[in-house]
Amino acid sequence: MNCFSQDDSIYFPQEEIVIDQCADALDKNDCLSYKIEDEVLDILEGLFKKRNQEIDTLKARITFELNDLNQINDERTHTYINDKKLNKKFTKELNQRIAELHVLRVDNKKPDIYRPKYFLNYDYLTSNNQLNKIPLDSNFIFKGGVIEEVPLFPNQTRVNAQTDRKTFNTLMQLHIGSNFVYPKEAIAKKVSGRVSIMFLVDKEGNVGNIKTKGPAPILENEARRIISLLPKLQPGRQNGLPVKIPYSIPINFKL
């Protein structure tokens, strides 16, 4: 990646922070990122050792700058994980470890007015006290995280994440359409509107924990009935393991 300043048309190669452990590495910044991640994992594994953690995602975010002496500025270092119970301990320990990194030099250093901030992002799947790295570009959300393989209908074949999700949504609409019955009482009372539905696809593919919110109980009951008729699905998977996936969808009742 290159940095280009349009103000004075000066080209700068990417700045590289060289710490003593990475002096001989081909890509100094990649090496630095891996070394900091080693510290992140060491801290997190210690914090999770005594916890029976359900499957979920954990996000670690780090921002830092260098001071005038080319050392990491501890006053400008910010760390964060999306676990409120662990964040305080994690932040204190990681900030200290980052501040202790010994910077030998900065290659391709930019002038002070272009001094950059460095951002490091690490995402993990937590399960039974273990942390597994997951990609940042997955796009199906579950419990505040990301899912690699979305749930599928029984006869659906996996293709890729985007196609699987689109096909799943199409089959869901077909299921709703083929089972939809407008309640006679709602017709008589001229009740209409949108019902929001949330349900859970568990590790075995069973659909349950159906919750609804709408303009009238009679419409909510019909929406709940439709979802309860769903067949057993193929469960969603993360890192090859089946996981629980919450799903939401609206049903519109129009007269």
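Working note: Karplus 6.51/-1.76/1.60 with θ = phi - 60° gives the stretch 16-31 the couplings 10, 8, 9, 9, 4, 6, 10, 4, 9, 6, 5, 10, 5, 5, 4, 4 Hz, where Gly and Pro are set to x.
Applied to the stretch 88-103, the Karplus parametrisation 6.51 cos²θ - 1.76 cosθ + 1.60 on θ = phi - 60° returns per-residue 3J(HN,Hα) values of 5, 5, 4, 4, 4, 5, 5, 4, 5, 5, 5, 5, 7, 5, 9, 8 Hz, with x for Gly and Pro.
Cβ-to-Cβ counts within 10 Å put 90, 180 in ascending order as 180, 90, the fewest first. For residue 104, the amide hydrogen comes within under 5 Å of the amide hydrogens of 18, 19, 20, counting only partners 5 or more places away or on other chains and with H modelled in the peptide plane. With the highest mean first, a sort of the peptides 231-237, 65-71, 98-104 on other beta-carbon atoms found within 10 angstrom per residue produces 231-237, 98-104, 65-71.
Protection proxy ranking of 214-224, 24-34, by the mean of other Cβ atoms within 10 Å over each peptide's residues and highest first, is 214-224, 24-34. The amide H of residue 180, built 1.01 Å from its N in the peptide plane, has no neighbour under 5 Å, considering only residues 5 or more places off or on other chains.
Remark: for residue pairs 84/254; 84/117; 184/211; 89/117, the C-alpha separation exceeds 32 Å in 84/254. The HN-Hα couplings worked out from phi for the stretch 167-181 by the Karplus form 6.51 cos²θ - 1.76 cosθ + 1.60 (θ = phi - 60°) are 5, 4, 5, 5, 5, 5, 5, 5, 4, 5, x, 6, 10, 6, 9 Hz, whole numbers, x standing for Gly and Pro.
Take the alpha carbon atoms of the stretch 77-104, find their center, do the same for the stretch 192-212, and report the distance between the two centers in whole angstrom. Their Cα centres are 39 Å away from one another.
Every read-out reported here was derived from the displayed coordinates using simple, explicitly stated rules and does not represent laboratory data. Remember, predicted model here, so these are calculated numbers, not experimental data. We place every Cβ from the backbone using ideal geometry, glycine too, and count neighbours over all the protein chains shown.
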